[in-house]
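Reading through the structure tokens given below for one structure.
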Amino acid sequence: MKLPEKGEAWPALEQALHDAKARDHSWRKGRMAVFFYYLDEELERVGQDAYRLFWTENHLGAGRAFPSLAKLEGEVVSMALDLVHAPEGAGGTMTSGGSESIFLAMLAAREKSGGKTGGNVVMPDTAHLTFDRACWYLGLEARRVPVGADRRGDVAAMEAACDEGTVAIVGSAPCYPFGTVDPIRELGALAQRRGAWLHVDACVGGFINPFLSGLPEWDFAVPGVSSISADIHKHGMAPKGASLLLVRDEALRRFHRFESRAWARGLYAAYTAQGTRPGGAVAAAWAVMRFLGRAGYRDCAERVMRARAIIVAAVEAIPGLEALPGQHAILVYRSTDPALPIAAVAEGLERRGWLVSRQVEPEGIHLHLNPLHAEVAEEYVAALREAAAEARGAGAARAKEEVRAY
């Protein structure tokens with residue numbers, strides 16, 4: 001495609017965009033459990049309208065040109081710090097997403113340790129691969145340590161992996177592969193012994209953990225936690241482009257601050273990896289958080305756990321399937337019967353219009369549930385029963401054919 005000589009009318013462009021989406025999976029119908037987070041049309045409008053009010057404001061100019069954005073970001077950070085038991089004097093920065101939040105945390109850890117490349121970051125092997133990417137950018141070694149039988153970080157093994165070059169230790173709350181929460185209190189004690197930065201990856205959990213019961217300690221209430229990443233555009237229910245890096249002490253932010261006067265324009269300073277930042281993302285996050293409040297987030301968490309309970313009960317009722325233990329929005333189930341291949345179950349679900357996220361180790365089906373799934377959980381389990389029966393029937397037929405061939 002080439003840039004047209006003359007502009008095109010919006011109705012034709014709008015139709016072309018709708019046509020482009022025609023083959024996408026329907027997130028509005030809850031037919032996928034990855035990439036999206038949704039409650040209802042009312043909250044959608046709040047996010048859209050707030051974004052539109054600041055759609056052209058540049059957060060790079062928040063200090064002088066758009067002081068409103070500095071105010072809104074400060075209030076977003078303050079509300080989030082209140083959720084994670086931050087001490088007096090804590091601080092934070094809005095970012096574009098979890099990847100940037102994690103990158104900035106690893107940058108700060110490196111700079112606080114002296115700013116040298118060649119150090120290492122010790123993490124459970126369930127930690128998000130974004131940590132490896134950040135290490136790649138920053139000249140650090142990512143040291144992945146096998147988790148225990150409970151799929152949580154093995155603190156003793158992680159301590160054995162630490163050495164004088166360890167600049168950071170990582171724990172997840174929860175990890176993305178299984179939804180388990182690492183032993184953050186024990187990791188906090190390890191970080192204090194080693195004098196290392198402890199980052200808690202709560203990109204998934206930051207805005208749902210405070211409203212779930214029975215979770216292990218995971219936030220700033222744990223001594224030794226230096227920073228937490230939390231995505232507002234996940235269970236914070238805001239539009240895409242909104243995450244947070246929260247730090248125990250505002251002074252720690254200086255370790256991920258870039259500053260230079262090495263050009264004709266004078267001082268350039270930024271706390272993020274971006275320059276220009278969309279003001280709409282800040283305004284939308286602020287509006288969604290204020291609109292929902294604690295009661296709204298509590299309701300979202302209850303819907304997620306209701307969907308989980310429905311799906312787990314259905315999985316456990318199908319002979320040959322089991323759900324892995326967990327207590328979070330992330331659910332993994334697998335086959336325990338060779339006659340019921342989980343890959344065939346996944347294919348059956350996909351034929352019925354569900355986008356399936358597949359787990360590799362162990363082979364299974366991975367769901368990241370959000371509030372909308374409470375409305376479609378029964379539809380999902382009906383499709384799952386059909387897909388499982390179909391897969392088992394196909395497996396039995398293949399077995400008969402193999403016997404005949406023999």
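Compute the acute angle (0 to 90°) between the alpha-carbon long axis of helix 41-53 and the principal axis of greatest extent of the alpha-carbon atoms of the chain; round to the nearest 10°.
30 degrees
Counting other Cβ atoms within 10 Å, which chymotrypsin sites (Phe, Trp or Tyr not before Pro) in region 199-292 have at most 11 and lie in a DSSP loop? Don't skip to the answer; put the middle values down first.
On the way: sites: F207, F211, W218, F220, F255, F258, W263, Y268, Y271, W286, F291; in loops: F207, W218, F220, W263, Y271.
Counting only loop positions with at most 11 other Cβ atoms within 10 Å, the chymotrypsin sites (Phe, Trp or Tyr not before Pro) in region 199-292 are W263.
Of all the stretches in the chain, which is the longest one without any exposed loop site, taking GluC sites (Glu not before Pro) in a DSSP loop (any state but H, G, I, E, B) with at most 13 other Cβ atoms within 10 Å?
Values: sites that count: E5, E8, E88, E164, E363.
The segment 165-362 is the longest one with no such site.
Any chance you could give the angle, 0 to 90 degrees and rounded to 10, that helix 184-194 forms with the longest Cα principal axis of the chain?
50 degrees
If you project the alpha carbons of region 266-320 onto the principal axes, what extent comes out on each, in Å, largest first?
68, 30, 14
Choose one answer from R290, R257, R265: the residue with the largest mean-square fluctuation in a GNM of the chain with alpha-carbon springs under 10 Å.
R265
What percentages make up the Cα-Cα pair-distance distribution of region 2-62 when the bins are 10 Å wide from 0?
Reading upward from the zero bin: 15, 26, 38, 19, 0.
For region 307-403, what's the radius of gyration and Dmax over Cα atoms, in angstrom?
13.2, 47
Enumerate by residue number the trypsin sites (Lys or Arg not before Pro) in region 44-100 meeting two conditions: DSSP loop (anything except H, G, I, E, B), and at most 13 other Cβ atoms within 10 Å of the site's Cβ. Could you put the intermediate results ahead of the total?
Values: sites: R45, R52, R64, K71; in loops: R64.
Sparse-neighbourhood loop trypsin sites (Lys or Arg not before Pro): R64.
Can you tell me how much longer the chain between K29 and K6 gets when fully stretched, taken as 0.36 nm per residue apart minus their C-alpha distance, in nm with one decimal? Let's see the in-between values first.
Details: separation 23, 0.36 × 23 = 8.28 nm, distance 3.77 nm.
Fully extending the segment from K29 to K6 adds 4.5 nm.
Normalise the Cα radius of gyration of region 75-216 by 2.2 N^0.38 Å (N = residues in it) and let me know the number.
My calculation over the Cα atoms of region 75-216 gives 1.00.
Hey, rough spin-label estimate for R351 and Q15, points 7 angstrom out along Cα→Cβ, what's it come to in nanometres?
For R351 paired with Q15, the spin-label model returns 3.6 nm.
Can you give the angle from 0 to 90° between the axis of helix 373-405 and the longest principal axis of the chain, with both taken from C-alpha atoms, to the nearest 10?
50 degrees
Rounded to the nearest 5, what % of the DSSP beta bridges within region 176-254 are antiparallel ones?
Numbers: 5 of 9 bridges.
Expressed as a percentage, antiparallel bridges in region 176-254 total about 55.
Just check the chain against the gyration tensor rule for me: Cα atoms, a ≥ b ≥ c as the square roots of the eigenvalues, rounded for a/c under 1.5, and otherwise prolate or oblate depending on whether a/b exceeds b/c. The partial results should precede the final answer.
Values: a/c = 1.86, a/b = 1.28, b/c = 1.45.
In terms of gyration-tensor shape, oblate.
Two decimals is fine: what's Rg over Rh for region 66-105, C-alpha atoms, Kirkwood radius as Rh? Let's see the in-between values first.
Details: Rg = 11.1 Å, Rh = 11.1 Å.
Checking Rg against Rh, the ratio lands at 0.99.
Report the antiparallel proportion of the DSSP beta bridges in the chain as a percent, rounded to a multiple of 5. Walk me through the numbers before you get to the answer.
Details: 24 of 42 bridges.
Bridges in the chain that DSSP calls antiparallel: roughly 55 percent.
Which values of log₁₀ I(q)/I(0), to two decimal places, follow from the Debye formula for region 277-350 at q = 0.22, 0.23 Å⁻¹ with a uniform point scatterer at every Cα?
With one equal scatterer per Cα and no solvent, log10 I(q)/I(0) is -0.96, -1.01.
Per-residue HN-Hα couplings for region 133-150, Karplus 6.51 cos²θ - 1.76 cosθ + 1.60 at θ = phi - 60°, whole Hz, x for Gly and Pro?
Listing the rounded values in order: 5, 4, 4, 4, 4, 9, x, 10, 9, 8, 9, 8, 10, x, 7, x, 4, 8 Hz.
Mind giving me the FRET efficiency for D299 and R133? R0 is 30 Å, r the Cβ-Cβ distance, nearest 0.05 is fine.
On the way: r = 35 Å, r/R0 = 1.15.
My answer for the efficiency is 0.30.
I need the shape label for region 1-110. Rule: rounded when a/c is under 1.5, else prolate if a/b > b/c, else oblate, with a, b, c from the alpha carbon gyration tensor. Before the final figure, lay out the partial values.
Working: a/c = 2.05, a/b = 1.60, b/c = 1.28.
Prolate, since a/c reaches 1.5 and a/b exceeds b/c.
Check the straight Cα-Cα distances from K21 and name the lysines below 25 Å, setting aside those fewer than 8 residues away within the same chain.
Hits, sequence-local ones excluded: K2, K6, K29, K234, K240.
Taken together, the values in this text are just the output of simple stated rules run on the coordinates, not laboratory data. Source: prediction; values computed, not measured. Here the Cβ is made from the backbone with ideal geometry for all residues, glycine too, and neighbour counts use every protein chain on show.
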